[in-house]
Amino acid sequence: MVKSKRFELLEERDINKETFVEPWAEAGLMVADSPYDPQPSITIEDGVITEMDGKSRADFDAIDLFIVSHALDVDIAREAMATPSQDIARMLADINIPREDIAVIISGCTPAKLCDIMKHMNVLEMMMGLAKMRIRRKPANQAHVTNWREHPALLAADSAEAALRGFAEVETTVRVARFAPFNALSILVGTQTGRGGVLTQCSVEEALGLKLAMKGLTTYAETLSVYGTEMTFVDGDDTPWSKAFLASAYASRGVKIRFTSGTGSEALMGRAEQKSMLYLEARCLLVVKGAGSQGVQNGSISCIALPEALPGGVRAVLAENLLASMLGLEVASGNDALASHSSIRKTAKLMLQFIPGTDFIFSGYSAIPKRDNLFGGGNFDAEDFDDYNVLQRDMQIDGGVKPIREDEALNIRKKAAQAIQAVYRELGLPEITDEEVDAAMVAHSSDDMPERDIVPDLEAADKFLAGDSNFVDVIQALQNAGFEDVAENILELGRQRIAGDYLQPSAIFDDQFNVESAINDPNVYTGPGTGYRPQGDRWDEMQAIPQAKSPEGFIDEQLGEPLSRLAELDVADKGIQSEVVVAVGPAFGRVMTKTIGGLEHEDVLKAILSGVASEGMVARIIRVYHTSDCAAIGYVGARLSGSGIAIGLQSRGTSVIHQKDLAPLNNLELFPQSPSLTLETYEHMGRNAARYAQDKQAVPVSVKIDNGARLRLIVKTALLHRRETDEVQDDQPPMELRFDWEPDV
């Protein structure tokens, strides 16, 4: 069989490492609009919902019963269900209708009604809806900090860097369950070293998570998983009521609580009951609302590869994020687990939440390398920090982080590693050595850390968890060791738990421990000129990527003292002998002395003249003052050349071989890729010009095409051309130049 070379190449692309599957509604492998999904309906008798989505109350399962008892507003339900779904969809996309008006109607919508609304919306309209329905005005971001070795110094250092980068929450987990208290302790100390007010959690079994919270080692939790079918709850020994009770237990201890759901979990567990993923997610979200949770981590989360294998999977993930915000829930919108091998695909998916903004754009940006992420990789990780910062800068979109300098990162990482070292020492835990601190300061991953003897660590962790030690002992240890600011930040977190203000919907802290939430900082978006947009200090902070240089810095690299061997004589006349004119720009050798590729102007001239001489010809050099355009410089040179042949040469190195009877924008040979030009190229250019002058055949100069040159150097090109243009003198005629040089023997 004949094979296409193009298709052979395409087969090797990253996108074709993915798995794609056709829908299978009976197995729940359908992201939305399954033929088995119910149609929206409701019956209310004497204030009691007796029928919902085609099912009578006698047939309700536990989820249905919980939803009608706790999640639906009976007073508005009839009106909401009678409102055409398309009308509600249009309200979501209409900038003139405030979110509060829509929220009232949504409070009476059943799971099937919510899905029916989404049916009428495309991705762009959903993004517009999300921008309006997000409950907190300012987006934020959450980081994952874990490492395979579960090394406390590295956990602390990575957490401190994440906090300094602006993440509002940091989440860790465990490879070995018994490490939970020390992992939680390490990120607590690390984050509060980087910036006060960052909330932390350790993702573990729920009873253990609550115990860590009661010891003051964590300040939020999002491990309370809910599901859209009754049997998945049964398999997890749970019910909606038990989840609601657990949420209350956390909240009563001053711990912020989010639930976790996500498209595809029921199909993954074989309990989809023939329903679409989005319909089951709508049921989950109403359970979350009914349980009184502040919010939800949703966006398929660890199941993301399953909906993405199906048509419309990424759209369904966006739909579930929008549904959550419509219900007034804080949304930590996925983007955490590795979603694709393809950088194009994973970035395109991110844009659906990044552009409209969500409460937490990532429910876990991997602030460490993917290979160290115990949550399952990471869609973006520590190696993408610069890319992410540039995305913010490109679009003037607040993605919840900020750029930092290397020295800032090193300093805060060392301080955090020293702080956890001091806590271990003061509490009598296994020693963290200075060698480990130094390694954590510069480490990228756990591969860069010395190995620890984990047996003593595990024994100490067991004792710490079983004993009476808590965050107060940690504060005292830090105070004793001289880390007063870190101790004060942890103490303030304790005070805030008593105050309870950060239990408001979608609450985070700013750098001064002020609460920002949907209550005191609500999202009010009604189109252009409204809502949140980064400006002032925040926009300045986002722009200040370390890679950005001053424009002058690009120009300075090409400037130098005027060439001593290049002297100006008199006004250039038209030549009368067979010659090649080398016409240079107004700044060449005077103000600018190097090409954009770093070649010295003196060496470039020498190479061209050597090439001309090798063909038995003479060359004359002139400077063109009245233009900085390469074609125009070459055109002027050709009209002054005795042979009618000239080489036009801009200061940045762009060149042309011109002939006097050709139009200004036509030429014999053009060399626009100046960064790729070498001295050998310029010498060949001189030889060819000499051959044209003698009416001989010339093989065009071969220059390797570098498609990345424009991407890398267009700014520098523009600035260098501007600098040369500054030297243009409109009334100054071309001048003859003398160049003292000796050909190579």
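One table, with the values for the structure above:
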{"item": "In sequence order, calculated HN-Hα J values of the stretch 346-351 (Karplus, 6.51, -1.76, 1.60; Hz; x Gly/Pro)", "result": "5, 6, 4, 4, 4, 4"}
{"item": "Sequence-distant lysines (8 or more away, or on other chains) whose Cα lies within less than 27 Å of LYS3", "result": "LYS17"}
{"item": "Net lengthening on full extension, GLN694/ILE498 (0.36 nm per residue, minus Cα-Cα)", "result": "61.4 nm"}
{"item": "Antiparallel content of DSSP bridges confined to the stretch 555-739, in %, to 5", "result": "60 percent"}
{"item": "Charge-dipole axis of the stretch 555-739 as Lys and Arg at +1 and Asp and Glu at -1 on Cβ define it, positive-most pick from THR725, ALA693, THR681", "result": "THR681"}
{"item": "Exposure proxy ranking, count of Cβ atoms within 10 Å, fewest first, for LYS660, LYS574, LYS138", "result": "LYS574, LYS660, LYS138"}
{"item": "Global geometry of the stretch 1-138, whether rounded, prolate or oblate, following the gyration tensor of its Cα atoms and the 1.5 cut on a/c", "result": "oblate"}
{"item": "Relative contact order computed over the chain (Cα-Cα under 8 Å; 6+ residues apart), in percent", "result": "13 percent"}
{"item": "Placed amide H near VAL170: partners under 5 Å, 5+ positions off or other chain", "result": "ALA143, LEU199, THR200, GLN201"}
{"item": "Ascending count of other beta-carbon atoms within 10 Å, so fewest first, for LYS349, LYS704, LYS549", "result": "LYS704, LYS549, LYS349"}
{"item": "LYS17/VAL176 FRET efficiency (R0 51 Å; Cβ-Cβ; nearest 0.05)", "result": "0.95"}
{"item": "Part-to-part distance (alpha-carbon centres) for the stretch 305-327 and the stretch 393-424, which is given in Å", "result": "32 Å"}
{"item": "In order through the stretch 64-79: 3J(HN,Hα) via Karplus (6.51 cos²θ - 1.76 cosθ + 1.60), integer Hz, x for Gly, Pro", "result": "4, 5, 5, 4, 5, 7, 10, 10, 9, 8, 4, 5, 10, 4, 4, 4"}
{"item": "The stretch 100-132 versus the stretch 1-71: alpha-carbon centroid distance in Å", "result": "17 Å"}
{"item": "Derived scalar couplings ³J(HN,Hα) [the stretch 533-549; Karplus, 6.51 cos²θ - 1.76 cosθ + 1.60; whole Hz; x for Gly, Pro]", "result": "8, x, 8, x, 4, 5, 5, 4, 5, 5, 6, 7, 6, x, 6, 6, 10"}
{"item": "Residue-averaged 222 nm ellipticity for the chain, from DSSP H runs of 4+ at -39500 (n - 2.57), nearest 500", "result": "-13000 deg cm²/dmol"}
{"item": "LEU559 long-range amide H proximity, modeled H, under 5 Å", "result": "THR593"}
{"item": "Beta bridge orientation in the chain: antiparallel %, DSSP, nearest 5", "result": "45 percent"}
{"item": "Label-point separation, GLU488 to GLN86 (7 Å along Cα→Cβ), nm", "result": "6.1 nm"}
{"item": "With Cα atoms, 0 to 90° folded angle of helix 180-194 axis to the chain main axis", "result": "50 degrees"}
{"item": "Residue order, fewest to most beta carbons within 10 Å, for LEU246, LEU224", "result": "LEU246, LEU224"}
{"item": "Tilt relative to the chain, helix 471-480 - C-alpha long axis, 0 to 90 degrees, to 10", "result": "50 degrees"}
{"item": "Estimated inter-spin distance, LYS5 and GLN39, nm [label 7 Å along Cα→Cβ]", "result": "5.8 nm"}
{"item": "Space enclosed by the convex hull of the alpha-carbon atoms of the stretch 369-485, per residue, Å³", "result": "151 Å³"}
{"item": "Tilt relative to the chain, helix 679-693 - C-alpha long axis, 0 to 90 degrees, to 10", "result": "50 degrees"}
{"item": "Inter-part distance where the stretch 606-677 and the stretch 437-482 are each reduced to a Cα centre, Å", "result": "69 Å"}
{"item": "Violating pairs (Cα-Cα greater than 18 angstrom) within the set LYS256/LYS346; LYS55/LYS113; LYS215/LYS463; LYS243/LYS289; LYS215/LYS256", "result": "LYS256/LYS346"}
{"item": "Pair ASP407, VAL123: separation of 7 Å Cα→Cβ label points (nm)", "result": "4.3 nm"}
{"item": "Residue-span extension gain [GLN512 to SER564] - 0.36 nm each, minus C-alpha spacing", "result": "12.7 nm"}
{"item": "Interchain or long-range residues, amide H under 5 Å from VAL582's placed H", "result": "ARG620, ILE621, ILE622, ILE647"}
{"item": "Gyration tensor (alpha-carbon) shape descriptor, the chain, a/c threshold 1.5", "result": "prolate"}
{"item": "Total lysine pairs whose alpha carbons fall under 29 Å of each other in the stretch 555-739 (8 or more apart, or interchain)", "result": "16"}
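Each value in this text was obtained by applying a stated rule to the coordinates, not by laboratory testing. This is a predicted model, so every value here is computed, not measured. Cβ atoms come from the backbone with ideal geometry, glycine included; neighbour counts cover every protein chain shown.
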